[in-house]
Amino acid sequence: MLHSSLDLNSYLILFCAFALGGILKGATGAGSPLVTIPVLAIFFDAKLAVILMSIPNLFSNSAQIVQYRRSSVDMGFSVKFAVYGGIGCIGGTIALASVDTRIIEFLVGTLTMLYVAFRLLKAKKNLSSSLTRKLLPTVGLIGGLVQGSCGMSAPIALSFLNAINLKRESFIFSISCFFFAMACIQILTVFIFDLLTLTILLLGILALIPQISFMPVGNYLIKRVSVQTFDKVVLVVLVTLSAKIFFDLFAGSFF
């Protein structure tokens, strides 16, 4: 997982990973793990990446809940979505603790590419109010399961909320509730499984510094650069990261 002694390069990688995640979160209100987890999976360990990411997720999403608490159109919807996500996250985190690290790395790379595919297809599916409420438990549970196992439920959760056509502020509030609930569950579960060491806990807390510091950068960029240009840059970065993950996983089988 992670040795207690880290060199300067390791700290720089950690800083850059969470800074990139902060830029994306500042620009879109969500999606920080989409960048941070693949970077950490490449240089460290996929399980470490998921566990480490849960700590700043807890704090950053709680801050966004407070910031956008008056923007929620339907508080009941946000709470239910978060509860189902938390339940699913229990099973996902148990899987994280049980399966081989290479499987987690494969899931991280696959979900990253799946997110890219969703964005490129630009499938606009508007869900009715009645259908949204019917799908909410299933989407919440599956999203929680994926989040718990590999820390990246964005292809599921973000696509679902985008299909509801929420305003930006309401969207951020709902997704923050979802991620906050799962972060709480995941931190408790990995602690029970003795995967949350003091070193990881401290690094997770310190990771808040680059993540929060660079969120205003993302907010600034999204106002100065076209959304299309920003999206293209993000997608290129994600494709590069997932390609690196797959190369590292399968290169040994051929060389």
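Please tell me the relative contact order of the chain in percent, rounded to the nearest whole number, where contacts are Cα pairs under 8 Å and at least six residues apart.
In percent, rounded to a whole number, it is 36.
Helix-only mean residue ellipticity at 222 nm, the chain, DSSP H runs n ≥ 4 weighted -39,500 (n - 2.57), per residue, nearest 500. What is it?
-28000 deg cm²/dmol
Which helices, counted as full DSSP H runs in the chain, have an axial Cα extent of no less than 20 Å and a Kyte-Doolittle average of -0.5 or above?
Span-like helices in the chain: 8-28, 46-67, 75-98, 101-121, 129-150, 168-192, 208-224, 227-254.
Please get the size of the charge dipole for segment 8-254, origin at its Cα centre, with Cβ charges of +1 on Lys and Arg and -1 on Asp and Glu, quoted in debye to the nearest 20. Mind showing how you got there, number by number?
On the way: 18 positive and 8 negative charges, 207 e Å.
Using Cβ point charges on Lys, Arg, Asp and Glu, segment 8-254 gives about 1000 debye.
What aspartates and glutamates sit close enough to K167 to cross-link, taking a C-alpha to C-alpha distance under 16 Å and skipping anything fewer than 8 places away on the same chain?
D74
Quote the FRET efficiency, to the nearest 0.05, computed for L6 versus R224 with a Förster distance R0 of 22 Å and r equal to the Cβ-Cβ distance.
According to the calculation, E is roughly 0.05.
Mean-square fluctuation check for the chain, GNM, Cα pairs under 10 Å: which of G140, G21, G76 is largest?
Of the options given, G76 has the highest mean-square fluctuation.
GNM, the chain, Cα, under 10 Å: largest mean-square fluctuation among V233, V83, V35?
In the Gaussian network model the winner is V233.
Give the dimensionless ratio obtained when the Cα radius of gyration of segment 1-100 is divided by 2.2 N^0.38 Å.
Ratio of Rg to 2.2 N^0.38 Å for segment 1-100: 1.23.
Could you grab the relative contact order for segment 48-148? Cα pairs under 8 Å, six or more apart, rounded to a whole percent.
54 percent
Rounded to two decimals, what is Rg over Rh for segment 125-242 when you use alpha-carbon atoms and the Kirkwood radius?
1.00
Report the rotationally averaged projected area of segment 125-164 based on its alpha-carbon convex hull, in square nanometres. Walk me through the numbers on the way to the answer.
Working: hull surface 9.7 nm².
Result: 2.4 nm².
Give, in nm to one decimal, the length gained when the segment between Q67 and L235 is fully stretched (0.36 nm per residue of separation minus the Cα-Cα distance).
57.7 nm
Please state the Cα pair-distance histogram of the chain with 10 angstrom bins from zero: what percent is in each bin?
Result, from short to long distances: 7, 33, 39, 18, 3, 0 percent.
Hey, how many Å between the Cα centroid of segment 105-166 and the Cα centroid of segment 1-66?
Centre-to-centre distance over Cα atoms comes out at 20 Å.
Every number in this text was worked out from the coordinates using simple rules, so none of it is lab data. These figures come from a predicted structure and were not determined experimentally. For neighbour counting, all protein chains shown are included, and Cβ atoms are generated from backbone atoms with ideal geometry for every residue, glycine included.
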